[in-house]
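This report concerns only the one structure given below.
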Amino acid sequence: MAQQTIESNNKKTVNRGKDIAKDTILTPNFYTTDFEAMEKMDLSINEDELEAICEEFRKDYNRHHFVRNKEFEGAADKLDAETRELFVDFLEGSCTSEFSGFLLYKELSKRIKDKNPLLAECFAHMARDEARHAGFLNKSMNDFGLQLDLGFLTANKDYTYFAPRAIFYATYISEKIGYWRYIAIYRHLEKNPSGKIFPLFNFFENWCQDENRHGDFFDALMRAQPRTVKSLSQKIEIFGYTLKHPIFDYYHRFRYFLNNHPIVSKLWSRFFLLAVFATMYIRDLGTKRDFYGALGLNAREYDQFVINKTNETSAKVFPVVLNVYDKSFYKRLDRIVENGTRLSEIDKKENPNVIKVLSKLPIFISNGYQLIRLYLLKPLESDDFQPSIR
């Protein structure tokens, strides 16, 4: 089979009969952050735990795990056209996501190694894990005559800036939700081997342990508290112009202190939990439902299990978590999924763009309303919600 290279998520059509998914809020993003603030972060409050986690990274438990075996030979040819399409979409999204993590961690390890060597080493080990995952997924894509051009993605995909604190929140949740996603699929396929459509799933048990260790690292890093930075920056950017003055250091200090105030931390915890959970739920029930069906999973039950477990795990580090047990929580997410179907139907109609925009407007308002109501839902105090894990 002739191999085709996928250069970008939105650049090229491949021989599987559809366009590569366009970049949207539901597709994997590439991130950058404030490297200067990261290199000046004081880890002394929780340095012992971070050193212990780094020692775990050094052992590299999975260095011999991701080795392809004979089961991969001809496995791609056994899939019917529909299942093949669904699985390749999964591989593409997963590979891009893992590669996104690699780029962020690698850049962090390189930029801060001179002034914050412990933190840099931890990021270097995580970059190693993410690169290993991305490479393994890309080899599976090769079985289908496809391959992501990761170098092209690096140079051409847009990067989203997140402040360090936001990186910690979002990445912690993403790593922990990755653990529960992989282990749930692995345990399901152990009991239902007929749903194991490709040998890649045999590697998920060890794979998810990498995700778990990465999450534990961000847990420890958040406990170190970014407010303890010794110094931040004496410069500030305004409308593309860089201004330098010692007073700006105090501005950055105040900003980081404010972001770590208990009230603000609760607001951010709710925001990032909802953002990650809603994105996964909308994507899986909206566009990936058939993929989980091919594995013998009910997408709604699977997502609710993963969200509930990740929410419970997050109570170890966040001051509050979402009340996912409120009867309105998943009903509102289901409403957004239904709205997504309505939006797709509007796109398929051959109406002028103005008519499409006007038709979509009330649906967008409905989605915004559902998300606001979910955000304002009274959260669960982590100490009360799961005291045994604290």
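The values are calculated or read from the model by the stated rules, or taken from the named source; none is laboratory data. These numbers come from a predicted model, not from an experiment. Cβ coordinates were reconstructed from backbone atoms using ideal geometry, including for glycine residues, and neighbour counts include every protein chain displayed. Only protein heavy atoms, including side chains, enter the accessible area calculation; ligands, DNA and RNA are left aside. Shrake-Rupley method; radii C 1.70, N 1.55, O 1.52, S 1.80 Å.
Observations on the model:
- Counted residues, the range 354-390 - those being in contact (Cβ under 8 Å) with a residue 24 or more places away in the chain and of a type in the set (S, T, Y): 3
- For the range 275-328, a residue qualifies if it is closer than 29 Å to A163 by Cβ and surrounded by fewer than 19 Cβ atoms within 10 Å (Cβ to Cβ), and the qualifying residues are A275, T279, N308, K309, E312, K316, P319, N323.
- Taking the numbered list (1) crowded, with 16+ Cβ neighbours inside 10 Å; (2) more than 30 Å from F201 (Cβ to Cβ); (3) of a type outside the set (F, W, Y); (4) modelled with pLDDT under 95 in turn, V357 passes all entries but (1).
- Residues that are touching a residue at least 40 places away in the same chain (Cβ under 8 Å), open to solvent by 10 Å² or more (accessible area, probe 1.4 Å) and of a type outside the set (A, V, I, L, M), drawn from the range 147-168: Q147, D149, F152, T154, N156, K157, D158, Y159, T160, Y161, F162, R165
- Considering K139, K78, the condition of being of a type in the set (K, R) and under 26 Å from Y31 (Cα atoms) is satisfied by K139 alone.
- The condition of being among the aromatic types (F, W, Y) and farther than 29 Å from E47 by Cα holds for only one of F99, F136, that being F136.
Let's see how each residue does on (1) farther than 22 Å from E211 by Cα; (2) not aromatic (F, W, Y):
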{"site": "G151", "(1), (2)": "yes, yes"}
{"site": "Y161", "(1), (2)": "yes, no"}
{"site": "P164", "(1), (2)": "no, yes"}
{"site": "F168", "(1), (2)": "no, no"}
{"site": "T171", "(1), (2)": "no, yes"}
{"site": "E175", "(1), (2)": "no, yes"}
{"site": "G178", "(1), (2)": "no, yes"}
{"site": "R181", "(1), (2)": "no, yes"}
{"site": "R187", "(1), (2)": "no, yes"}
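- Close pairs (6 angstrom Cβ cut-off, 6 or more residues apart or separate chains): under 15 Å from A184 (Cβ atoms) in the range 202-226, open to solvent by 10 Å² or more (accessible area, probe 1.4 Å) and of a type in the set (S, T, N, Q) anywhere: none
- Here P193 passes the criteria (1) within 22 Å of D284 (Cα to Cα); (2) crowded, with 20+ Cβ neighbours inside 10 Å except the one numbered (2).
- Flag if N351 is polar (S, T, N, Q), surrounded by 15 or more Cβ atoms within 10 Å (Cβ to Cβ) and free of Cβ contacts under 8 Å to residues at least 60 places away in the same chain: no
Each row is one residue, and each column tells you yes or no for (1) buried (at least 17 other Cβ atoms within 10 Å of the Cβ); (2) farther than 27 Å from I173 by Cα.
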{"position": "F90", "(1), (2)": "yes, no"}
{"position": "G93", "(1), (2)": "yes, no"}
{"position": "K110", "(1), (2)": "no, no"}
{"position": "C122", "(1), (2)": "yes, no"}
{"position": "M126", "(1), (2)": "yes, no"}
{"position": "R132", "(1), (2)": "yes, no"}
{"position": "G135", "(1), (2)": "no, no"}
{"position": "N138", "(1), (2)": "yes, no"}
{"position": "G145", "(1), (2)": "no, yes"}
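- Evaluated against (1) open to solvent by 30 Å² or more (accessible area, probe 1.4 Å); (2) in a helix (DSSP H, G or I); (3) within 30 Å of T287 (Cα to Cα), E49 falls short on exactly one condition, (3).
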